[in-house]
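Participant: My questions all concern the structure below.
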Amino acid sequence: MKNERFSFIDHQSAFIIQYREFAVTVRVRLAPSPTGNLHIGTARTAVFNWLFARHNGGQFILRIEDTDQERSRPEYTQNILDGLNWLGLTWDAGPFYQSQRLDYYKQMIQTLLDKGLAYRCYVNEEELNQMREEQKAKNQAPRYDNRHRHLTQEQRDAFEASGRMSVIRFIIDDERVITWNDLVRGPVTWKASDLGGDMVIARAAGPGEIGQPLYNLAVVVDDIDMRITHVIRGEDHISNTPKQILLYEAFGANIPEFAHTPLILNKNGQKLSKRDGVTSISEFKQLGYTPEAMVNYMTLLGWSPPDNQERFTLEEAAKKFSFERVNKAGAKFDWDKLNWLNSQYLQEKPISELTELLIPYWQEAEFKFDPVGDRPWLEQITALIGPSLKRLSDAVAISRVFFVPSVELHEEAAKQLQQEGAMAVLAAILAKLSLLQPLTETSAGEILNQVAQEQKVKKGLVMRSLRAALTGEVHGPDLVQSWLILHQKGLDRARLQTILGKNNPKEAYVVETPNSEPSYSASTAETPAPETPTVLSDTPAAKVSDWHESVTSNQSDNQFQQITQQVLDIFEKLPDYLGGFFNQYSKPLTTLGLIVVILLSLRVLFAVLDVLNSIPLLGPTFELVGIGYTIWFVFRYLLTSTSRQELSDLIKTLKEQVTGQGSGKS
């Protein structure tokens, strides 16, 4: 019987030619519909199919169920193929497209008609609606009442003559009870009377025609042709299973085993949907999740490893996978668990590989750098921020400080710079930076120690103040390594100078570098929406000094540009420097200014007197006035009171002698 069945299909199916062997081999299939991007639920189903096939040495087949011509799109098909490839879920055969097999489905429908297992139904939409309303009024479940199951040829001819269209319905015996042993849920029983009446397997068409074949018919025909042994899919397909079992029986085919896996639920215990945000594999990829983390996590969505292992590759999971350990209950999607797994895989990647993965995210953020020329510098950034990454996209916010020409001083950083001694510390650090020598990890540490000793402050104050000035934060990855990275682009000196040029750090919430852009050599594409500034943990970061030697040769090329820039900085910041100088020495400068004004006034007065002396008669007059003033000044201020009295008496006596008044008295 089996050989007869396959010989019947063999001459009509293109698929069976590829699979002529009759040995029992595990064959599973993934059959997504290209009406949307690859959903994480479909991807999890693909993972379970792939694991089961590999565990049993079987084959994993890909079939695209694109019979819904109105909703199917080529771009969705490509998204599905790209997503499966990205996840590493390679298929052994396919992809096969149902849209290329429509004529064959119609042939199989005609076979059912010829066998009396299906019939044409001419009930129109108005009659169906009336039927539903009557059932609703009687509190009955909506179903088709099979009224056209036994039409005579004359009745069919009359309907067609009146222009009625007909669908094709498959006969379901309401007395049947369908049972199968589900690999996940155990024995499942379904009454045929609960299936809603005879099932439509082809859409409406004109007289003598067969319309568009529908899902349940096409699926069964394909599974028979591909000799699928196990149908592994989500539990939302359970209601289709009894209908499909009846079709398998109608075609005289072996019925595959079924495994209906639990749904993926959101945090509220409801089926994960687009309303919950990210659901497609391409979106997870864009967010910066790795394929290793995604397949690892999806494997754990409903399956429990026998040894409670949490991290494994697909190949490792395939060796242990079985449906005995697949849960019946829905699997809640846990973002924290996924983020943790992803961070583990990111931290294990070599620096060069991780840098390659981060470059597109930096480019999308429009950070300016040369992917080739700046590669050693980029790898230093990668080594520094790698331990803090949960997703690749996190790198944009965490590393922004190394790429942008200005940083935002957050409130804590501004308060740090207002602390006593903070500005003096920054000034001392700036003074020790040399344009002629590259900064190294050793020299940076020495500068921090020297400044702390010279300024008589704790080293913690020095480091916190420097971090605040360079990054706008008081927390972050390793300070010295961050300083080295910024120094290579001249951003450390520029930001210190800018901070020191502000009178009030609290007002300096944006710290700008003197030039509009750092000295990078390439521009790139669009950035995502700005993110809230990220506060990083002070966990020890990977050392980047191993890369320093590779970029030392580039330092000398940057020195001339840095020196030129510093000269421009001085002129640009000159007003600020002068303002600060005047505020500090305002009293001495005011006194000096008054002295200068007095000297200038005297010089002007002497010049005026010289002009007046040149006028006739005014010269002698001024001389007499001067003599009189001199005599008065000597008399009033230089002589003692006794001397003035004696001089007064002498003048009086002389006056009497001149006038002759003194002789009359003698």
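The values are calculated or read from the model by the stated rules, or taken from the named source; none is laboratory data. All figures in this text were calculated on a predicted structure; none of them were measured in a lab. Cβ coordinates were reconstructed from backbone atoms using ideal geometry, including for glycine residues, and neighbour counts include every protein chain displayed. Accessible surface is based on the protein model in full, side chains and every heavy atom, while ligands, DNA and RNA are left aside. Shrake-Rupley method; radii C 1.70, N 1.55, O 1.52, S 1.80 Å.
Participant: Using a Förster radius of 45 Å, what is the FRET efficiency between Gln110 and Lys319 based on their Cβ-Cβ separation? Nearest 0.05, please.
Facilitator: Details: r = 46 Å, r/R0 = 1.02.
Efficiency for this residue pair is about 0.45.
Participant: Please work out the Cα center distance from the range 326-371 to the range 202-243, rounded to the nearest Å.
Facilitator: 39
Participant: A further question on this structure: Got a sec to turn the phi values of the range 447-456 into Karplus ³J(HN,Hα) couplings, 6.51 cos²θ - 1.76 cosθ + 1.60 with θ = phi - 60°, whole Hz, x for Gly and Pro?
Facilitator: Result, rounded to whole Hz: 4, 4, 5, 5, 5, 4, 5, 5, 8, 6.
Participant: With Cβ to Cβ distances under 13 Å as the rule, what net charge do the other residues near Val326 carry (K, R +1; D, E -1)?
Facilitator: On the way: positive: Arg44, Arg185, Arg233, Lys320, Arg325, Lys328; negative: Asp182, Glu235, Glu324.
With Lys, Arg at +1 and Asp, Glu at -1, the net is +3.
Participant: Further question: Using modelled amide H (1.01 Å from N, peptide plane; none on Pro or chain starts), what sits under 5 Å from the amide H of Asn146, excluding residues fewer than 5 places away?
Facilitator: For Asn146, the qualifying residues are Asp198.
Participant: Further question: If you count only protein heavy atoms with a 1.4 Å probe, what accessible area per residue comes out for the range 28-145, rounded to a whole Å²? Write down the numbers at each step before the final one.
Facilitator: Numbers: 5480 Å² over 118 residues.
For the range 28-145, the per-residue accessible area is 46 Å².
Participant: Can you pull out the GluC sites (Glu not before Pro) in the range 121-183 that DSSP calls coil and that have at most 12 other Cβ atoms within 10 Å?
Facilitator: In loop regions of the range 121-183 (DSSP not H, G, I, E or B), the sparsely surrounded GluC sites (Glu not before Pro) are Glu175.
Participant: Taking H placed 1.01 Å from N in the peptide plane, check which residues at least 5 places from Arg27 or on another chain put their amide H under 5 Å from its amide H.
Facilitator: So Arg27 has HN proximity to Gln59, Thr229, His230.
Participant: Ranked from highest to lowest mean number of other Cβ atoms within 10 Å per residue, what is the order of the peptides 65-71, 139-145, 422-428? Mind showing how you got there, number by number?
Facilitator: Working: 65-71: 14.4, 139-145: 12.3, 422-428: 19.7.
Packing order, densest peptide first, comes out as 422-428, 65-71, 139-145.
Participant: I've got another one for you. How would you rank 286-293, 92-99, 109-116, highest first, on the average number of other Cβ atoms within 10 Å across their residues?
Facilitator: 286-293, 92-99, 109-116
Participant: Could I ask something else about it? Give me the percent of accessible area attributable to carbon and sulfur for the range 33-90, probe 1.4 angstrom.
Facilitator: Carbon and sulfur together cover 40 percent of it.
Participant: For the range 19-123, what is the largest minus smallest coordinate of the Cα atoms on each principal axis, given in angstrom and ordered from greatest to least?
Facilitator: Over the range 19-123, Cα extents along the principal axes are 47, 38, 20 Å.
Participant: Now for a different question. Can you tell me how much longer the chain between Arg603 and Ala431 gets when fully stretched, taken as 0.36 nm per residue apart minus their C-alpha distance, in nm with one decimal?
Facilitator: Values: separation 172, 0.36 × 172 = 61.92 nm, distance 4.41 nm.
Full extension from Arg603 to Ala431 adds 57.5 nm.
Participant: Residue separation times 0.36 nm, minus the C-alpha to C-alpha distance between Thr25 and Asp173: what's the value?
Facilitator: Once the chain is fully extended between Thr25 and Asp173, it gains 50.0 nm.
Participant: For the range 164-249, which whole percent of the accessible surface, found with a 1.4 angstrom probe, sits on carbon and sulfur atoms?
Facilitator: 50
Participant: What are the ³J(HN,Hα) values, in whole Hz, obtained from phi via the Karplus relation 6.51 cos²θ - 1.76 cosθ + 1.60 with θ = phi - 60°, for each residue of the range 168-174 in sequence order, with x given for Gly and Pro?
Facilitator: Residue by residue, the range 168-174 yields 9, 10, 8, 6, 10, 6, 4 Hz.
Participant: Taking all protein chains as present, what is the carbon and sulfur share of the accessible area of the range 340-445, in % to the nearest whole number, probe 1.4 Å?
Facilitator: Details: 2130 of 4200 Å².
With neighbouring chains kept in place, the figure for the range 340-445 is 51 percent.
Participant: May I ask you to order 78-84, 41-47 by the average number of other C-beta atoms within 10 Å around their residues, highest value first?
Facilitator: Working: 78-84: 19.9, 41-47: 24.3.
Ranking, from highest mean packing down: 41-47, 78-84.
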